[in-house]
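Engineer: Below: one structure in structure tokens.
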Amino acid sequence: MSQSIRRIALSTGGGDAPGLNAVIRAATLAAVNRGWEVLGIRDGFNGLMNPEEYPQGGVVRLGREDVRGIVHLGGTILGTTNKGNPTAYPVQQLDGSWTEIDRTPELLGMFRAHSIDALITIGGDGSLTIGDHLQRAGMRVIGVPKTIDNDLERTEATFGFDTAVEFASECIDRLFSTATSHGRVIVVEVMGRHAGWIALHAGVACGAHAILIPEIPYVLEHVAETIREREERGAKFSIVVVAEGAAPVGGSVSLLAPEIGHAERLGGVGEKVAEQLQRLTGKEARTVVLGHLLRGGTPTAFDRLLGLRFGAAAVRALEAGMDGVMVALNADDMTYVPLSTVSKRQRTVPLDCDTMLTARDMAISFGDGLSR
Ligand code: F6P
């Protein structure tokens, strides 16, 4: 099968995540070592769909020297976007309103024009769903799972998550100093979309007193109760970690102003939680939003290695003749799962997973009054 491949393309889509450059390096080297050519598409698929925006070229040839010394760098050397889904591309009409069009045929034409035999698409559920769609439309596609949110199905890990948790933990550790010195409540808002993985892992690792996650709608009176009990025991400070997608019982998630072509933007729940806790407990409460800090910086060794392994495994998949699969980590082995079983799905925190049980045993509040 490997003879049928002469040129592959790499694309990074969605939010950047530490470890993307590791995938690009390993996939490029593994392909070049097989005698294949490698093209990198700029900014998701934008470099192919809107080449006029790139005077230097919307696609770039990648060789050994282009991927040298990039593994420790955050971000992606190819650029990325989470706007401009080719299957629902935003277009402004003459009256100023916006509509969406399917640019799949045009994109497939561009793949042909560049003699691209196969695509390795590196992204989260949005990019993998697009990859699944392109594969059904006739392109040969291998997916690589990326996200700091850890919310993809069929893989035990995605790169970026470990780095995000590590940095969130460092920040929360630092916030303990101020919280203890001033006897304050500090609310730390972390990313994660509609899954609470980052909040749960960083919160438990740092000894947070309450963790609010999307999987458990909260009642803030339960968190206030935890803060008051701590006060009675002489602990005058509390740390509350809130996932950006957390919501109160019967309420809805906090959203930022919408942007054309962008999926919903979560944010603002931390401030609301702090205000209400201050009112309920009479204690000074402050908010820190970690936001995009969680996506930047040097990937941890775990994320680098996982990215390298995913990149090499994607090329091995093409060599073995596979199509329409995502590389996945399972029991520390590289496995391949159909893209269709990942597309349009999100993996949330199972409420009976061991980290949750540990948190419950340690009496960390989830705002549901159930912790001991
Ligand atoms: O999926 C990664 C992520 O960082 C989410 O945690 C967050 O909700 C979203 O991307 C933010 O996207 P943007 O950078 O486009 O605001």
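The values are calculated or read from the model by the stated rules, or taken from the named source; none is laboratory data. Since we're looking at a predicted model, the values are computed, not measured. Note that we place each Cβ from the backbone using ideal geometry, even for glycine, and neighbour counts take in every protein chain shown.
Engineer: What is the residue count in region 327-352 for residues that are outside any strand (DSSP E or B) and within 17 Å of LEU308 (Cβ to Cβ)?
Structural biologist: Of the residues in region 327-352, 1 are outside any strand (DSSP E or B) and within 17 Å of LEU308 (Cβ to Cβ).
Engineer: Would you pick out the residues in region 331-372 that are within 26 Å of ALA205 (Cβ to Cβ), touching a Lys or Arg at 6+ places or on another chain (Cβ under 8 Å) and among the polar types (S, T, N, Q)?
Structural biologist: Result: GLN346, SER371.
Engineer: How many residues are of a type outside the set (Val, Ile, Thr) and either outside the structural domain of THR180 (by TED's automatic domain parsing) or touching a helix residue (DSSP H, G or I) at 6+ places or on another chain (Cβ under 7 Å) (or both) if we restrict to region 273-290?
Structural biologist: Summing the residues that are of a type outside the set (Val, Ile, Thr) and either outside the structural domain of THR180 (by TED's automatic domain parsing) or touching a helix residue (DSSP H, G or I) at 6+ places or on another chain (Cβ under 7 Å) (or both) in region 273-290 gives 8.
Engineer: Has region 190-198 got at least one residue that is more than 10 Å from the ligand (Cβ to nearest atom) and on the phi > 0 side of the Ramachandran plot?
Structural biologist: No, because not a single residue in region 190-198 is more than 10 Å from the ligand (Cβ to nearest atom) and on the phi > 0 side of the Ramachandran plot.
Engineer: Within region 269-288, identify whether any single residue is within 14 Å of the ligand (Cβ to nearest atom) and more than 17 Å from the chain's Cα centre (by Cα), and answer yes or no. Reasoning before the result, please.
Structural biologist: Residues of region 269-288 that are within 14 Å of the ligand (Cβ to nearest atom), as a first pass: 269-270.
Filter once more, keeping what is more than 17 Å from the chain's Cα centre (by Cα): 269-270.
Within region 269-288 (the criterion being within 14 Å of the ligand (Cβ to nearest atom) and more than 17 Å from the chain's Cα centre (by Cα)), the answer is yes, since at least one residue qualifies.
Engineer: Could you check region 48-68 and list, in sequence order, the residues that are touching a Phe, Trp or Tyr at 6+ places or on another chain (Cβ under 8 Å) and more than 26 Å from ARG316 (Cβ to Cβ)? So that I can check it myself, show each step before the final result.
Structural biologist: Here is the first cut: in region 48-68, the ones touching a Phe, Trp or Tyr at 6+ places or on another chain (Cβ under 8 Å) are 48-49.
Residue satisfying the conditions is MET49 alone.
Engineer: Okay, next question. So ALA26 fits all but one of (1) in a loop (DSSP other than H, G, I, E, B); (2) surrounded by 15 or more Cβ atoms within 10 Å (Cβ to Cβ); what number is the exception?
Structural biologist: Going through the list (1) in a loop (DSSP other than H, G, I, E, B); (2) surrounded by 15 or more Cβ atoms within 10 Å (Cβ to Cβ), ALA26 breaks only (1).
Engineer: Of all residues in region 118-151, how many are aliphatic (A, V, I, L, M) and either over 18 Å from the mean Cα position of the chain (by Cα) or farther than 15 Å from TYR336 by Cα (or both)?
Structural biologist: Count: 9.
Engineer: Evaluate region 131-146: report whether one residue or more is away from the ligand (no atom under 16 Å from the Cβ), polar (S, T, N, Q), surrounded by fewer than 24 Cβ atoms within 10 Å (Cβ to Cβ) and not in a helix (DSSP H, G or I).
Structural biologist: No, there is no match, as no residue in region 131-146 is away from the ligand (no atom under 16 Å from the Cβ), polar (S, T, N, Q), surrounded by fewer than 24 Cβ atoms within 10 Å (Cβ to Cβ) and not in a helix (DSSP H, G or I).
Engineer: Please give the number of the condition GLY126 fails out of (1) surrounded by 19 or more Cβ atoms within 10 Å (Cβ to Cβ); (2) within 15 Å of the ligand (Cβ to nearest atom); (3) under 22 Å from LEU39 (Cβ atoms).
Structural biologist: So the condition that GLY126 fails would be (1).
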